[in-house]
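As structure tokens, the structure follows; a few thoughts come after it.
The values are calculated or read from the model by the stated rules, or taken from the named source; none is laboratory data. Please read these numbers as outputs of a predicted model, since none were measured by experiment. Neighbour counts run over all protein chains shown; Cβ positions are idealised from the backbone, glycine included. To get the accessible areas, we keep the full protein, side chains included, count just its heavy atoms, and leave off ligands, DNA and RNA. Shrake-Rupley method; radii C 1.70, N 1.55, O 1.52, S 1.80 Å.
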Amino acid sequence: MPIAKVDGVEVEFEAGMNVLQVCELAGKEIPRFCYHERLSIAGNCRMCLVEVKPGPPKPQASCALPAAEGQEIFTDTPMVKKARHGVMEFLLINHPLDCPICDQGGECDLQDQAMGYGRDDSRYAENKRAVEEKFMGPLIKTVMTRCIQCTRCVRFITEVAGVPEIGLISRGEDVEITTYLDKAVASELSANIIDLCPVGALTSKPYAFNARPWELKKTESVDVMDALGSAIRVDARGAAVLRVLPRVNEAVNEEWISDKTRYAVDGLSRQRLDRPFIRENGKLKPATWTEALDAVAAKVKATSPDRVGVIAGDLQDAESMKAALDLFGGLGVTSLDCRQDGMVLGGGQRESWLLNSSIQGLEDADVILLVGTNPRLEAPVLNARLRKRWMAGALKVGVIGEAHDLTYDYEHLGAGPAALGALSKSKGEFLKALKAAKAPAIIVGAGALGRADSAAVLQAAAGVAKTYSMAWNVLHTAASRVGGLDLGFVPGEGGRTAVQLVAKGGADVLVLLGADEIDLTQTDAFVVYLGTHGDAGAHRADVILPGAAYTEKNGLYVNTEGRVQLGARSVFPKGEAKEDWAILRALSERMGAKLPYDTLDQLRAKLFADHPTFGRIDYVPDVPAAVDFSALGAKGELSDAPLASGLKSFYLSNPIARASVTMAECASLASGVTKMAAE
């Protein structure tokens, strides 16, 4: 490995690194505004100046200078300090002194670096320029007079998000960042530019003027808005969750999160169920916990176990599903299901329902076939990884299903499942690439697995994967799905599926654990709803038991690649609401089938003993077991209907998001009702 000297200390570095990275290897802090590890190099803020020998006797931008063998780098010479003072002075010429009212205050790179590397005075007395504000949608607030033209936002939107709608226009003193067409940024990852902005030019519009960072209690947790399990930080003040920010997790979300993950949190305080209710004479009336639990217990005890059904929703934690399994399974109930969409997977080999390549491992794939999935909506952060691989020129993508703008090029092989059988006869470039691929992968989405002909579709997809030696991957959309399948939360012998349970006459008692994504209009059962919001399940319920949202409880979730993750409580449940497992524990006592645990730790101990995979926190096998393709699906007739994505609306996919005002605005814009800046 080549060696360079940084302030007299020898440092080994990898070929291809720049001088800034070598300085950081030596433990030196180099100020920067435009440079970011995950974006291309712009070299336009000039804050990272260092002195390098051999080289011209002047400061050089370390981010844009390749490191070389034998270089001597100096980071704290008088020349470097003077140069940084000058750069900071230039940056502040037009920057307004409005830190007391700026939402970036307290976590602003410009503030921090002005203190560390700036002068204590300014030699400029000219009037500061003003820049017109831009409309970037309901999520991003602009104060463009503060902009220092680092272009991080431009590079992110263009390179990572793949929606080149922000750019730099004009020249010299007139230069400014703008949206080209004066419309909202049409990306599901757009709000990441708020985190990237090193000044207060781009801030969070829903969070504007709500709090200062030192007022907030910060809790590290995981996201449940999709099945990726992105690492997040939940910031709360008092009983209210005010914002969600991304945490760095290279194996899952790098440092990005979707707009839904970030902004659906205002739905946590709206339309909440904060006390038990019992339906009397067709109307829901408030009740005590004793009355509600006694009513449920009496109804269940009076009903034959084969007429009782339990459906787990998409946001459930593993502990609540385990408690439901122990309680109702112990009573002889076999009609339990965590698959509201009718997915055919479950009850077999674990690898059959996992993203076996792993999220990070997909970056090693050279050919990917997408079947019945739109990853841009179902998993925007995963889609950004696929785009990164494609941008490197190392990925060919084929799509079977509806055609969408995925932000990268692909070959559309057909809309219906028949295209799976016809793949070997196609004449496009994709088949040639697939035959020559060294690491091909198939990704099957929920849109292919929740249809009437899903068993046949699954068998056809498995046949393609086996023929071309493709890694088998399933992309789920529900945070609870893999955990439920791992637990065996599927119908037992003689049991009925979720779709069968909600049909007329399908059950006499139906217990919904936050299940709102299933049609309940036909069921004539006595419905018990344990959940958080006044959504579809609560509207149909005969008894409502208010539960805790994902920010209000400690819980285990398993993401689409099988990684067990810990969610942490940031605030307490609303009103009289309780944690889901605790409600089921109290219900079990009234039913004479007391569950054998009194605390969450005891419940987890039993969970780990019965299902050891849940004890392997944050672990994904490096080499997953081989998938038995012959056991996937069944013979049947394939429908001509297109393989549509299982997600009907990205912004309104769960009760929390549907209660969010911000998500409603985003959904309105996405549907084509576009607000122009002049309005």
>> Residues that are modelled with pLDDT of 90 or more and more than 28 Å from the chain's Cα centre (by Cα): does the stretch 645-664 have at least one?
In response: no
> Quick check: anything in the stretch 386-408 over 22 Å from the mean Cα position of the chain (by Cα), in contact (Cβ under 8 Å) with a residue 60 or more places away in the chain and in a helix (DSSP H, G or I)?
Replying inline: no
>> Against the conditions (1) open to solvent by less than 60 Å² (accessible area, probe 1.4 Å); (2) over 28 Å from LEU242 (Cβ atoms), where does ALA548 fall short? Just the number, please.
In response: (2)
> Residues in the stretch 133-168 that are free of Cβ contacts under 8 Å to residues at least 24 places away in the same chain and open to solvent by 10 Å² or more (accessible area, probe 1.4 Å): how many?
Replying inline: 6
> Which of the residues spanning the stretch 321-374 are more than 22 Å from ASP628 (Cβ to Cβ), in a loop (DSSP other than H, G, I, E, B) and among the charged types (D, E, K, R)?
Replying inline: ASP341, ASP366
>> Return the residues of the stretch 224-241 that are open to solvent by 20 Å² or more (accessible area, probe 1.4 Å) and more than 27 Å from GLU576 (Cβ to Cβ); say none if nothing qualifies.
In response: ARG233
>> Going residue by residue through the stretch 446-463, is there one that turns out to be surrounded by 23 or more Cβ atoms within 10 Å (Cβ to Cβ) and under 24 Å from ALA231 (Cα atoms)?
In response: yes
> What number of residues in the stretch 574-611 are surrounded by 17 or more Cβ atoms within 10 Å (Cβ to Cβ), small (Gly, Ala, Ser), in contact (Cβ under 8 Å) with a residue 12 or more places away in the chain and within 12 Å of ALA548 (Cβ to Cβ)?
Replying inline: 1
>> Cβ-Cβ under 6 Å, sequence separation 6+ or interchain: first residue in the stretch 206-230 and of a type in the set (S, T, N, Q), partner open to solvent by 20 Å² or more (accessible area, probe 1.4 Å). Which pairs?
In response: ASN210/LEU242; THR219/ALA568; SER221/ALA568
> Hey, any hits in the stretch 256-269 for a residue that's over 18 Å from CYS666 (Cβ atoms), crowded, with 24+ Cβ neighbours inside 10 Å and touching a residue at least 12 places away in the same chain (Cβ under 8 Å)?
Replying inline: no
>> So for the stretch 212-228 (the condition being part of a loop (DSSP other than H, G, I, E, B), more than 17 Å from the chain's Cα centre (by Cα) and closer than 19 Å to GLY106 by Cα), does at least one residue qualify?
In response: yes
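Sort out which residues of the stretch 419-437 are outside any loop (DSSP other than H, G, I, E, B) and either under 29 Å from the mean Cα position of the chain (by Cα) or crowded, with 16+ Cβ neighbours inside 10 Å (or both), and write them in order of number. Write out each step before concluding.
Pass one, the stretch 419-437, residues outside any loop (DSSP other than H, G, I, E, B): 419-421, 423-425, 429-436.
Matches in the stretch 419-437: ALA419, LEU420, LEU423, PHE430, LEU431, ALA433, LEU434.
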>> Every residue in the stretch 502-513 that is open to solvent by less than 20 Å² (accessible area, probe 1.4 Å) and within 33 Å of the chain's Cα centre (by Cα), please.
In response: VAL502, LEU510, VAL511, LEU512, LEU513
> Can you pull out the residues in the stretch 517-541 that are within 23 Å of MET343 (Cα to Cα), touching a residue at least 40 places away in the same chain (Cβ under 8 Å) and in a loop (DSSP other than H, G, I, E, B)?
Replying inline: GLU517, ILE518, ALA525, ASP535
> If we scan the stretch 588-602, do we find a residue that is basic (Lys, Arg) and either touching a Lys or Arg at 6+ places or on another chain (Cβ under 9 Å) or modelled with pLDDT of 90 or more (or both)?
Replying inline: yes
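So in the stretch 242-251, with the set limited to residues that are in contact (Cβ under 8 Å) with a residue 24 or more places away in the chain and either under 15 Å from LEU189 (Cα atoms) or of a type in the set (D, E, K, R) (or both), which one is most open to solvent (accessible area, probe 1.4 Å)?
Applying the first criterion (in contact (Cβ under 8 Å) with a residue 24 or more places away in the chain) to the stretch 242-251 yields 242-243, 245-247, 250-251.
Subsequent filtering for residues that are either under 15 Å from LEU189 (Cα atoms) or of a type in the set (D, E, K, R) (or both) retains 243, 245-247, 250.
Details: ARG243: 24, LEU245: 31, PRO246: 30, ARG247: 61, GLU250: 86 Å².
Per the criteria, the residue is GLU250.
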>> Need the failing condition index for ALA568 against (1) in contact with a Leu (Cβ under 9 Å, 6 or more places away or on another chain); (2) over 19 Å from PRO655 (Cα atoms); (3) open to solvent by 10 Å² or more (accessible area, probe 1.4 Å), just the number.
In response: (1)
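Can ALA479 be described as assigned to a loop (DSSP other than H, G, I, E, B), under 30 Å from THR219 (Cα atoms) and in contact with an Asp or Glu (Cβ under 7 Å, 6 or more places away or on another chain)?
yes
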> In this structure, does VAL265 turn out to be among the β-branched types (Val, Ile, Thr) and closer than 27 Å to LYS141 by Cβ?
Replying inline: yes
> Filter the stretch 346-367 for residues that are out of contact with any Pro (no Cβ under 6 Å at 6 or more places or on another chain) and of a type in the set (D, E, K, R); which is nearest to ASN383 (Cα to Cα)?
Replying inline: GLU363
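Where residues in the stretch 305-330 are among the aliphatic types (A, V, I, L, M) and touching a Cys at 6+ places or on another chain (Cβ under 8 Å), which of them is nearest to LEU501 (Cα to Cα)? Break it down into steps so the answer makes sense when it comes.
Step one: list which residues in the stretch 305-330 are among the aliphatic types (A, V, I, L, M), which gives 308, 310-312, 315, 318, 321, 323-325, 327.
Now restrict to residues that are touching a Cys at 6+ places or on another chain (Cβ under 8 Å): 311-312, 321.
Numbers: ILE311: 9, ALA312: 12, MET321: 18 Å.
Looking at residues that are among the aliphatic types (A, V, I, L, M) and touching a Cys at 6+ places or on another chain (Cβ under 8 Å), I get ILE311.
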>> Of the conditions (1) under 28 Å from LEU382 (Cα atoms); (2) open to solvent by less than 50 Å² (accessible area, probe 1.4 Å); (3) free of Cβ contacts under 8 Å to residues at least 40 places away in the same chain; (4) among the aliphatic types (A, V, I, L, M), LEU181 satisfies every one except a single condition; which number is it?
In response: (2)
>> Quick check on my filter: what residues within the stretch 367-384 are closer than 19 Å to VAL224 by Cβ and either open to solvent by 20 Å² or more (accessible area, probe 1.4 Å) or basic (Lys, Arg) (or both)?
In response: LEU377
>> Would you confirm, using the coordinates I've provided, whether ARG387 is surrounded by fewer than 24 Cβ atoms within 10 Å (Cβ to Cβ), under 28 Å from PHE156 (Cα atoms) and of a type outside the set (Ser, Thr, Tyr)?
In response: yes
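Working only within the stretch 482-516, note down all residues that are part of a loop (DSSP other than H, G, I, E, B) and closer than 30 Å to PRO621 by Cα.
Of all residues in the stretch 482-516, those part of a loop (DSSP other than H, G, I, E, B) come to 488-497, 502-508, 514-516.
Correct list: GLY488, PHE489, VAL490, PRO491, GLY492.
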